[in-house]
Amino acid sequence: MNLELSEEQRAARRLARDFVEREVAPYAAEWDRAENVDRAIVGKLGAVGFLGLTIDEEYGGSGGDHLAYCLVTEELGRGDSSVRGIVSVSLGLVAKTVAAWGSEEQKRSWLPRLTTGEALGCFGLTEPGTGSDAGSLTTRAVRDGDAYVVNGSKMFITNGTWADVVLLFARTGGAPGHRGISAFLVPADSPGLTRRTIHGKLGLRGQATAELVLQDVRVPAGAMLGPEGKGFSVAMSALAKGRMSVAAGCVGIAQAALDAAVGHAAAREQFGSPIASYQLVQELISDIAVDVDAARLLTWRVADLVDRGRDFATAASQAKLFASEAAVRAANNALQVFGGYGYIDEYPVGKLLRDARVMTLYEGTSQIQKLIIGRALTGVSAF
Ligand code: FAD
């Protein structure tokens, strides 16, 4: 694996850094307090090409490889995880899945809009009764002529109230478990689809996370993504790549924690000296630094495997598991360096800790990542 970045990759990172400094960082605390990112950010992310990374230019994408995608995602995560999540879901989970599984008509219909930010996507897998055990979902799509009629509900859907299209997973067949699940691209303004924003989240407060209720929603048969009964494979392939994106966002959080801790340790004096001069403070900082590097290298390895067309699913689970736990540790260590100032939202580290916490929960909890890794190593499923 070559650790030297190419000129294109460095340019993508520079572009993302400038974008974050100008359009995200100055507003992140305000959006967090208001529980609302300014919706205009979607058009700006689209205009600069961040919603079309890795997608072919013929479908309106901005091309680029997965390492460039991870570099941009890291910078967005460093600025504001709520903004990073908008991209990780609309591009990472929805547009890329349409590109991988969609018919020519589906690609032409959705990708140019998703990659420019004219439309936003959300990923509807989790339900009130099924989280980790997603293969047991109960939302049902019943064939009726040239359409399906969908009934059920979805929980914790990122971008849920903002989205124009829902990548929805529903049970179409009588087959039990994940074999009876199909994927659909459902326009969010379909009659019978209602959405409710979930307020009061610990972190990612700026993000429009929603509960979706589907009552007799008619979806044309042509909206099915991938073959009937293969919806679980569609979801799992999306999540494997999604975990790389979550890991990259976690590297961004940990890097932001490191920058903040180093800055504060140099500026803050106690006992007549900067706290940076005390060994126990240096221990906190060096622990963060090692976590940042280890998480970044695991994440880059996934991008490298994806770009070379190799198997990456287990590596993605390893990166996601390590990077998410590392981000929580890093933000918590940084908070310790800040002392009491870390505990109030005038300073950035408390938000980093709150935003990091969910990373160990979504796209498969840490326990679920361990089961995926354990199954790959032993050949035995412990689910
Ligand atoms: P549960 O599955 O009930 O798990 C509870 C606990 O039990 C966890 O600790 C878990 O690790 C443990 N556990 C469960 N099964 C096992 C087992 N076999 N062995 C060991 N431990 C086990 N979902 C979407 O579909 N789309 C989204 O866009 C999306 N965005 C989200 C945004 C936020 C802010 C949040 C909080 C969640 C989001 N989710 C989304 C849902 C998320 O993926 C689920 O919350 C997650 O998969 C866990 O499911 P659960 O919350 O039902 O927890």
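The values are calculated or read from the model by the stated rules, or taken from the named source; none is laboratory data. Just so we're clear, the structure is a prediction, and the values are computed from it rather than from any experiment. Note that we place each Cβ from the backbone using ideal geometry, even for glycine, and neighbour counts take in every protein chain shown. The area values use the complete protein model at the heavy-atom level, side chains included, leaving out ligands, DNA and RNA. Shrake-Rupley method; radii C 1.70, N 1.55, O 1.52, S 1.80 Å.
Some points to look at:
- Alpha carbon centroid spacing (whole Å) that separates the stretch 184-232 from the stretch 42-112: 19
- The chain: relative contact order as a whole-number percent, Cα under 8 Å and 6+ apart: 16
- Rounded to the nearest 20 debye, dipole of the stretch 195-318 from Cβ charges on Lys, Arg, Asp, Glu: 540
- Considering helices alone, the calculated mean residue ellipticity of the chain at 222 nm is -15500 deg cm²/dmol, with DSSP H runs of length four and up weighted by -39500 (n - 2.57) and normalised per residue.
- Kyte-Doolittle at least 1.0, axis length at least 15 Å by Cα - qualifying DSSP helices, the chain: 231-267
- Shape call, the stretch 152-258: gyration tensor on alpha carbons, a/c limit 1.5: oblate
- Ranking of Val89, Val380 by solvent-accessible surface, largest first: Val380, Val89 (1.4 Å probe, protein heavy atoms only, all chains present).
- Neighbour-limited loop hits for trypsin sites (Lys or Arg not before Pro), the stretch 1-110 (at most 16 other Cβ within 10 Å; DSSP other than H, G, I, E, B): Arg39
- Cβ-placed point charges (K, R +1; D, E -1), dipole of the stretch 1-99 about Cα centre in debye, nearest 20: 180
- Within straight-line reach of Lys107, meaning a Cα separation under 29 Å, sit the following lysines at least 8 residues removed in sequence or on another chain: Lys44, Lys96, Lys154, Lys230, Lys241, Lys320.
- The order of His66, His178, His199 by accessible area, most exposed first and with a 1.4 Å probe, is His199, His178, His66.
- Here the mean projected area of the convex hull built on the C-alpha positions of the chain is 19.1 nm².
- When the GluC sites (Glu not before Pro) in the stretch 266-366 are filtered for DSSP coil states and for at most 13 other beta-carbon atoms within 10 Å of their beta-carbon, the remaining sites are Glu346.
- In the context of the full set of protein chains, residues of the chain present 43 Å² of accessible surface per residue (probe radius 1.4 Å, heavy atoms only).
- Around the Cα centre of the chain, unit charges on the Cβ atoms of Lys, Arg, Asp and Glu (plus for the first two, minus for the last two) sum to a dipole of about 840 debye.
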